[in-house]
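First the structure, in the form of structure tokens, and then the observations on it.
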Amino acid sequence: MARQTVEVAGVSAASPEAVWSVVSDFGGQWHPAIAAIHAERDARGALVRAFTVHGEDTVYREQLTWLSESDRTLGYTCLEGIAGVDAYDARIEVSSAQNSGGSILRWSAAVEADEPRLGDICEGTKAI
């Protein structure tokens, strides 16, 4: 099994508060690729989002592992849906873009899987 970290950064003209209000709604319609999404609780009470994406029947489930309103960060782990993955742990951070008044979004995922599936998962992750 191999491990790789995927990191992506983007900018938004919206304020960090506005961006965070969307990103921090873990069970919300947070990405245009999502066809349907709902929040649920596991047996221990942890928040899990279950969703499908356009053009696929696969149900993805991701569990919120932490959320910090003050730091505008959240973390989650994939429970099911990514074929061939052994572990998938992600983090999102929203911060202020000092010069533009907008926001910087930083997202990273630590992915564990056998090759060549690891490369495919990471490339697909970057595209999202």
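I'd like to check something: does segment 69-82 contain any residue that is charged (D, E, K, R), under 19 Å from Arg3 (Cα atoms) and open to solvent by 50 Å² or more (accessible area, probe 1.4 Å)? Working first, answer last.
Taking segment 69-82 as the starting set, the residues that turn out to be charged (D, E, K, R) are 69, 71-72, 80.
Keeping just the survivors that are under 19 Å from Arg3 (Cα atoms) gives 80.
From what's left, open to solvent by 50 Å² or more (accessible area, probe 1.4 Å): 80.
So far as segment 69-82 goes, yes, one or more of its residues are charged (D, E, K, R), under 19 Å from Arg3 (Cα atoms) and open to solvent by 50 Å² or more (accessible area, probe 1.4 Å).
Val59 is checked against (1) modelled with pLDDT of 95 or more; (2) out of contact with any Lys or Arg (no Cβ under 7 Å at 6 or more places or on another chain); (3) under 25 Å from Glu112 (Cβ atoms); (4) open to solvent by less than 50 Å² (accessible area, probe 1.4 Å) and fails just one. What number does that condition carry?
(4)
If you go through segment 46-55 one residue at a time, do you hit one that is open to solvent by less than 40 Å² (accessible area, probe 1.4 Å) and without any contact (Cβ under 8 Å) to a residue 12 or more places away in the chain?
No, there is no match, as no residue in segment 46-55 is open to solvent by less than 40 Å² (accessible area, probe 1.4 Å) and without any contact (Cβ under 8 Å) to a residue 12 or more places away in the chain.
What strands (runs of 3 or more DSSP E) completely inside segment 66-126 contain at least 2 residues that are at pLDDT 95 or above and among the acidic types (Asp, Glu)?
Working: elements: 73-80, 85-96, 103-113.
Correct list: 85-96.
Based on this model, can you work out whether Glu40 counts as part of a strand (DSSP E or B) and surrounded by fewer than 17 Cβ atoms within 10 Å (Cβ to Cβ)?
Yes, satisfied.
Can you report the number of residues in segment 1-45 which are touching a residue at least 40 places away in the same chain (Cβ under 8 Å) and among the β-branched types (Val, Ile, Thr)?
Qualifying residue count for the region: 6.
Return only the number of the condition from (1) modelled with pLDDT under 95; (2) closer than 19 Å to Ile128 by Cβ that Asp42 does not satisfy.
(2)
The values are calculated or read from the model by the stated rules, or taken from the named source; none is laboratory data. Source: prediction; values computed, not measured. Here Cβ is always computed from backbone atoms with ideal geometry, including for glycine, and neighbour counts include all displayed protein chains. The protein model used for the area step is the full one, side chains on, heavy atoms only, and it has no ligands, DNA or RNA in it. Shrake-Rupley method; radii C 1.70, N 1.55, O 1.52, S 1.80 Å.
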